[in-house]
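Structure first, commentary second.
Values in this text are rule-based calculations from the coordinates and carry no lab data. The model shown is predicted, which means the values in this text are computed figures rather than measured ones. Every residue, glycine among them, receives a Cβ derived from its backbone with ideal geometry; neighbour counts consider all protein chains shown.
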Amino acid sequence: MLGLSRIGIGIAFAMVMVSLPAQAGERYSLDHSAPPGCPSAEELRLRVLARERSPTVTTRSTAPPASVRVRIVSSSNGPRGWVEVEAAGYRVVRKVEGSNCDEVTSAIAVIIGIALDRRATPPAIPAAIPAPLTLVARRHFVLGGGIMMHDAPAPDPIAGPLAVLGFQRLDGLAPTASLSLGHARSGWIPTEGGQVRFWFTNASLAACPWRWVPHAATALGPCLRVDVGTLRGRGKDTSHDRGSTGPWLAPGGSFDWMLRIEHLALGASAGASLPLIRDRFGFEPLVREHPAHKPPSTDVRAEVWAALSIGK
């Protein structure tokens, strides 16, 4: 008879980030982030003012100022920038590429000026700005499935299907939260008392307070995780073909990565957890001295998945 006896990264990125709230009478607030050496937020404001078709500010207007977010990053192909202008009734998002940071900043200034005065006929867009317009969601939900792998629930690593539900922001610190549900089963494993098989059902809750967003479609960073589930073992080739089930609780951490392409999101996670409940599974009367399996103190885990992405 199978019995149960209970025993009971960091990535640094040098950026200059400035957030300038709108003053009385100003047409927009500016959230600006760029590498050292690029034109500052104040320089960008001056270029916007110089390029506006209607630079006069109407202080009597009761409309709230627009919100402008600018991100410029360095890459192997030259600097790239993203600009988002949002106000009541409209939103414009564009990606900009150029040979140097000054060129990218000038192109962004043109876009901001056009977006702030929608009555103007848009001038020709500089060649550095690709078309068509790329819309980037600041936050989105993902729902999909994949595969999980754990090495502690059974003598050999086991894998099984996985369902994923998650939420992520792509601005600020880009916090993320996700819930994954998985089920895995081992093959029959020969032991001293007979053959055993294990079933592992797990719910993993992940919280990622900060993520590095190298560009609008990718995010990666460390996460805190808690795995909660059950581990069931069953024996055969014995006089009593029976099984036993024990709880599973394992806090830990992981390093997660996600890529978003239109409405498709791809993700991967790798890390480790510490099982707090480590049950011995084995055949009576050998379970104490010669258990068929006792989970180790560390569980190495991994997940890969694909999901539908819904942004807003």
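Summing charges over neighbours of GLY187, with a neighbour being any other residue whose Cβ is under 10 Å away from its Cβ, gives +1 when K and R count +1 and D and E count -1. Sorting the segments 39-46, 78-85 by their mean number of nearby beta carbons within 10 angstrom, highest to lowest, gives 78-85, 39-46. P(r) tail for the stretch 137-311: Cα pairs beyond 28 Å make up 31% of the total. Listed from fewest to most Cβ neighbours within 10 Å, the set TRP199, TRP257 follows the order TRP257, TRP199.
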